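Starting off with a structure, shown below.
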Amino acid sequence: MIIVLQKEATEKHLQDIIDRIRRCGLEPHVIVGVARTVIGLVGDKQGLEPQVFEGLPGVEKAVPIMAPYKLASRDAKAEDTMIEVGSAVIGGSEPVYMAGPCAVESWEQILDTAHAVKEAGASILRGGAFKPRTSPYSFQGLGEKGLQYLVEAGRAAGMPTVSEVVNPSDVELVSQYVDILQVGARNMQNFALLRQVGQTRKPVLLKRGLSATVEEWLMAAEYVMAEGNYQVILCERGIRTFETATRNTLDVGAIALVRQLSHLPVVADPSHATGRSDLVVPAGCAAVAAGAQGLLVEVHPNPQRALSDGSQSLTPEQFKQMMGAVTQIAKSVNPEPARYWWNRNAV
Ligand code: PEP
Ligand code: MN
C-alpha cells in the first residue's frame, strides 16, 4: 500500500502518519516525488484496510499496490528516478555510458582505457576487481589492488567508477573505493548481498540474473530498497535461452516493459548479452531504441590479450564508433523518455 500525502501536508502530519504506520507493525518509506510525496508501507499488511490511514490529517488517499514489488513500482512513484553519479545523471534525459575492461588487469591497461573511453563519450569507468568466473582456475581479478587502480584511473580521466562486489563481507571495502556497487547476474538473488548493499547509500547497479524473470529482478531491487537504499539501477545483460549462437539473449522487450513497471533507471549490457564484439554495437543500439537509459560496455586496449571476456570486448576505436551510432539513436527515438516510453496509455 502507498499513502499519498496532500500537497499541503506539513512535517507534523508526516510524522504523525509515520507513527501510525509503525504502530501497525509496518515500516514506512518516504518517497519524495516532484509532484507529490508518498509513503510506501512495507511489511505484512494482511487485513489492513486503506481506511485506517485515509482519515488522518495530511493524507490524500491510501492505495493498495498490486505488484509484489512495492517501492520499485511505478505506482509508488510516477516519475523516473534519477541517480546522480559525478556529473552523470542516470535515468535523466540522456543515456549514460559506462565503459571499461571486464577486469582491471594492470595500471597501464586501466589508465589507457579510462582516457580512451572518456574521450569517446563515456562518463563512468567500469572494471572488475573481484571476478566471479565460471571456472575457479580462471583469472579471479586483482582484488583491492584492482579497485585502487580503477579509482586512480577514474580520477586521472575525470570519471566516477563502477565495480562488482561479490561477497556481503566485501561491501564495506568496495564502497570505500567505487561510486556504484555492481551486483552481478550470478548474485541477483543473493539476498544477504542485496541487504548489505541496501544498507549503504551508494547507487547499486543490479544485473538481471541469468534465468531471472522480470518480476524476480524487480523483487531483487525491492530487497535493496527495503533497506532504505533507493538508488538502484537495473541492468538487462541478457538471459539464458535455448539459443547458443550468442552467449545470452538480450531481452529487448524487457527493457521497454521494465520502464513501464518501475520508476528505476534501466540500462543494458550488450557485451555480456551477446558475447561477441561484432554484435555489441547492434545490440547496444537496440537497447537504447527500446528505452535503455544507459549502456555498460566492455572495452579493452587489446581484446585479444584480455584476461577475461576478450571476445566480447571492443577496442577503444570500436567503442568510439559505437558511441556515434548510439547517440544518434538516442536523439532520434527517445527525445522525451520520461514522458513517452513508460507511459502505457501513450499508444
Ligand atoms: C561483468 O559485468 O563483468 C559481469 C561479470 O557481468 P554479469 O554479472 O552480467 O555476468
Ligand atoms: Mn565480463
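The values are calculated or read from the model by the stated rules, or taken from the named source; none is laboratory data. Since the structure is predicted, the reported quantities are computational estimates derived from the model, not experimental observations. Please note: Cβ atoms are built from the backbone with ideal geometry, for glycine as well, and neighbour counts cover all protein chains shown. Note: accessible area is taken over every heavy atom of the protein model, side chains too, but ligands, DNA and RNA are not part of it. Shrake-Rupley method; radii C 1.70, N 1.55, O 1.52, S 1.80 Å.
Please specify each residue of the range 28-51 satisfying the condition of being open to solvent by 60 Å² or more (accessible area, probe 1.4 Å) and closer than 19 Å to residue 74 by Cα.
If the condition is that a residue be open to solvent by 60 Å² or more (accessible area, probe 1.4 Å) and closer than 19 Å to residue 74 by Cα, then 32, 34, 35, 36 are the ones that fit.
Residues of the range 97-112 being of a type outside the set (Asp, Glu) and either away from ligand 1 (no atom under 16 Å from the Cβ) or free of Cβ contacts under 8 Å to residues at least 24 places away in the same chain (or both), which ones?
Hits for the range 97-112 are 106, 107, 111.
Okay, moving on. What are the residues in the range 121-145 that are under 14 Å from residue 181 (Cα atoms), open to solvent by less than 40 Å² (accessible area, probe 1.4 Å) and within 12 Å of ligand 1 (Cβ to nearest atom), if any?
126, 127, 128, 129, 131
Those residues that are in contact with a helix residue (DSSP H, G or I) (Cβ under 6 Å, 6 or more places away or on another chain) and either loosely packed, with under 12 Cβ neighbours inside 10 Å or assigned to a helix (DSSP H, G or I) (or both), I need them from the range 1-27; list them, please.
Scanning the range 1-27 gives no hits.
Still on this model: Can you name the number of the only condition in (1) touching a strand residue (DSSP E or B) at 6+ places or on another chain (Cβ under 8 Å); (2) part of a loop (DSSP other than H, G, I, E, B); (3) open to solvent by 10 Å² or more (accessible area, probe 1.4 Å) that residue 242 fails?
(1)
Right, here's the next one. Check residue 84 against each of (1) open to solvent by 40 Å² or more (accessible area, probe 1.4 Å); (2) more than 21 Å from residue 165 (Cβ to Cβ) and name the one condition it does not meet.
Here residue 84 clears every test but (2).
Hey, another quick one. Counting only residues that are open to solvent by 40 Å² or more (accessible area, probe 1.4 Å) and closer than 16 Å to residue 85 by Cα, give me the helices (runs of 4 or more DSSP H) lying completely in the range 167-238 with at least 1 of them.
Helices (runs of 4 or more DSSP H) meeting the threshold: 171-177.
Can you tell which of 83, 65 is at pLDDT 90 or above and β-branched (Val, Ile, Thr)?
83
If the requirement is being polar (S, T, N, Q), within 15 Å of ligand 2 (Cβ to nearest atom), farther than 14 Å from residue 97 by Cβ and in contact (Cβ under 8 Å) with a residue 24 or more places away in the chain, which of these qualifies: 308, 271?
The conditions single out 308.
Which condition breaks for residue 158 when tested against (1) within 16 Å of ligand 2 (Cβ to nearest atom); (2) open to solvent by 20 Å² or more (accessible area, probe 1.4 Å)?
All conditions pass for residue 158, except number (1).
With 306, 212 as the choices, which residue is at pLDDT 95 or above and under 18 Å from the mean Cα position of the chain (by Cα)?
None of the other options fit; the residue is 212.
When you go through 243, 216, 236, 227 one by one, which is the residue that is without any contact (Cβ under 8 Å) to a residue 24 or more places away in the chain and either more than 23 Å from residue 97 (Cα to Cα) or within 16 Å of ligand 2 (Cβ to nearest atom) (or both)?
Only one candidate qualifies: 243.
Looking only at the range 281-305, count every residue that is without any contact (Cβ under 8 Å) to a residue 60 or more places away in the chain and within 12 Å of ligand 2 (Cβ to nearest atom) and tell me the total.
1
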